[in-house]
Amino acid sequence: MTKRLIVIAGSTGVGKTDMSIKVANHLNAHILCGDSRQIYKEMTIGTAVPTKDDMATVPHHLFQFVSAKDRYNVGRYERDALLVLDDLFKRYDNALVVGGSGLYLDALCKGIDPLPEADHAMREEMLLLWHSLGGREILLKELQERDSELWDTIDKDNPIRVCRALEVCRLTGEPFSKIRRGKIIKRPFEIVKIGLRREREELYDRINTRVDLMFSEGLLEEAHSLLPLREYNALQTVGYRELFDYFDGNITLETAKELIKRNTRHYAKRQTTWFGGDKEISWFHPNDYDGVIDYIEKL
RNA sequence: GGUGCCAUAGCUCAGUUGGUAGAGCAAAGGACUGAAAAUCCUUGUGUCCCUAGUUCGAUUCUUGGUGGCACCA
């Protein structure tokens, strides 16, 4: 029998966890994390990882398994997720991946080109240059010389894009666009994409309520304990950055809370945009368990 | 009760020496290949509080209201 990976995607706060538990139970499947922040050990409340009860009901993989200090990335995620799936498919016919990180999910479903990992020293130096007077022009000029094909399409206002592309050119000695082919890798299993969505207003209400709940669960304390890790990418995350600003005395707690709500809404919107562009997704309301299970069974 | 100041986009405000107006935030749309909960791009018509006047023309000046704020009684 062919093995199947069921992807459950959707924006933050839409209700993916509940759906995934039900579907996993029904299919006798395990759940993988498809979220770029729930993988970190140190973060629990602010990333809304599934509860202990949830995890006890269905086996979960790739949740909170690396340290925020480990500088994890998409490439490692692709590899780790495939390893877990390889193992699971020896015993089960179905597996679920649940999350809201479009890039991570795409890497798992379609593969990602073998680009070199980041060179953090080089990156830091480039970003410093970017923000200095005339630095942007210097970097753009170098990129234009190294990769004329990319030049036409790259977002020249986006320092992270430009510096990353340049980084790859320097590290490999080849144009970035030559290595990043976007070739789709056929996986040795079937992929079924389920998208969850609800009315915008309803989603925003849920987000606001969830942020309040996070505070009552101790988000403030969690963020405070993570102050020593604030420079790591893992902590460049909604719910933590705003509180770091509060600890610095730049904003009030009330403002931080409002900003977390707002930034979570912004994040949810970006996710909506990403997933909306994926034509392979079949959409359901988060409460429509029967609909989802029906759909999967009739495939 | 008196005097002064204010009333412009969902919010905070700028501005028009009289020719019907624009920033920030919010909101909406979009991009996305090892930082992706990141990073970046696009989008601003609104009885310019109401009324009467002056004027070719008033959101702008004048009269009278209404509401808010401050000070004096």
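Details
- Relative contact order [Cα under 8 Å, 6+ residues apart], the stretch A:90-175, whole percent: 28
- Cα gyration tensor category, rounded, prolate or oblate, for the stretch A:184-299 with a/c compared to 1.5: prolate
- Neighbour-count order for A:Lys183, A:Lys178, A:Lys22, fewest beta carbons within 10 angstrom listed first: A:Lys183, A:Lys178, A:Lys22
- For the stretch A:1-69, radius of gyration divided by Kirkwood radius, i.e. Rg to Rh on alpha-carbons: 0.96
- Gain on full stretching of the segment that runs from A:Tyr92 to A:Asp53 - 0.36 nm per residue minus C-alpha separation: 11.8 nm
- Eligible lysines near A:Lys141 by straight Cα distance, threshold 17 Å, same-chain separation 8 or greater: A:Lys156
- Partner aspartates and glutamates for A:Lys69 [C-alpha distance under 15 Å; skip if fewer than 8 residues away on the same chain]: A:Glu42, A:Glu231
- For chain A, alpha-carbon Rg relative to the globular expectation (2.2 N^0.38 Å, N residues): 1.06
- Gap separating the Cα centres of the stretch A:18-73 and the stretch A:126-169, nearest whole Å: 36
- Other-chain or far-sequence residues with amide H under 5 Å of A:Arg4's (modelled H): A:Asn94, A:Ala95, A:Glu190
- Taking the number of Cβ atoms within 10 Å of each Cβ as an exposure proxy, the fewest-first ranking of A:Ser101, A:Ser20 is A:Ser101, A:Ser20.
- Spin-label model, A:Asp245/A:Arg270: points 7 Å from Cα along the beta carbon direction are separated by 1.4 nm.
- Going from the fewest other Cβ atoms within 10 Å to the most, the residues A:His61, A:His224 appear in the order A:His224, A:His61.
- Amide hydrogen neighbours beyond the local backbone of A:Trp283, cut-off 5 Å, H modeled: A:Gly195
- The mean of 1/r over all distinct Cα pairs in the stretch A:118-232, once inverted, gives the Kirkwood hydrodynamic radius of 18.4 Å.
- Pairs over the 25 Å Cα-Cα cut-off, from the set A:Lys3/A:Lys279; A:Lys178/A:Lys269; A:Lys3/A:Lys178; A:Lys41/A:Lys261: A:Lys178/A:Lys269; A:Lys3/A:Lys178.
- By the Kirkwood approach, averaging reciprocal distances over each pair of separate Cα atoms, the stretch A:234-299 gets a hydrodynamic radius of 14.7 Å.
- Largest first, the three principal axis extents of the alpha carbons in the stretch A:143-195 are 42, 24, 18 Å in whole numbers.
Values quoted throughout were computed directly from the atomic coordinates according to the rules given, and no laboratory measurement underlies them. This is a predicted model, so every value here is computed, not measured. Backbone-built Cβ (ideal geometry, glycine too); neighbour counts: all protein chains shown.
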